[in-house]
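> Provided herewith is a single structure, encoded as structure tokens, for subsequent inquiry.
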Amino acid sequence: MNPLVSELKVKVVDTLNLPDVTPADIDETEQLVGGKLGIDSIDVLELVMMVEKEYAVKIDSKELGAKVFANLQSLADYIGRNAPQPVN
């Protein structure tokens, strides 16, 4: 598994304070928003802030956010392509 995906699983659980979810519970190809994790638009805003702070990557439109947060793999791919410094 991509090390960035593994890292993001931990960050999603921590950022969203998901007490009943472990990083291993998250499938990187499963729908993030509206999926089994129950991530909603407020959660997405928290994730956007985490991504911008941790990886210096901007997600500056709703349309881009919908693509980036389709699943964890798409988020990792976006960060990998757009981070100013190489990420794992």
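> Specify the longest stretch of the chain that does not include any exposed loop site, a site being one of the trypsin sites (Lys or Arg not before Pro) with a non-H, G, I, E, B DSSP assignment and at most 15 other Cβ atoms within 10 Å.
It works out to 1-35.
> For labels at Asp40 and Lys53 in the simple 7 Å Cα→Cβ model, what's the distance in nm?
Distance between the two pseudo-spin positions: 2.2 nm.
> What number comes out for the charge environment of Leu4, summing +1 per Lys or Arg and -1 per Asp or Glu over other residues with Cβ under 12 Å away?
Here the charged neighbours net out to -1.
> Quick check on the chain: helices-only [θ] at 222 nm, where DSSP H runs of length 4 and up contribute -39,500 (n - 2.57) each and the sum goes over total residues. Nearest 500, please.
After summing the helix terms and dividing by the residues of the chain, the value is -16000 deg cm²/dmol.
> Using all alpha carbons of the chain, what is the percent of pairwise distances in each 10 Å bin, ordered from the shortest bin to the longest?
Here the calculated profile for the chain is 17, 59, 23, 1.
Any read-out appearing in this document is the output of simple, stated calculations on the displayed coordinates, not a laboratory observation. Because the structure is predicted, anything quoted here is derived from the model rather than measured. Don't worry about glycine lacking a Cβ; one is built from the backbone with ideal geometry, like all the others, and counts go over all protein chains shown.
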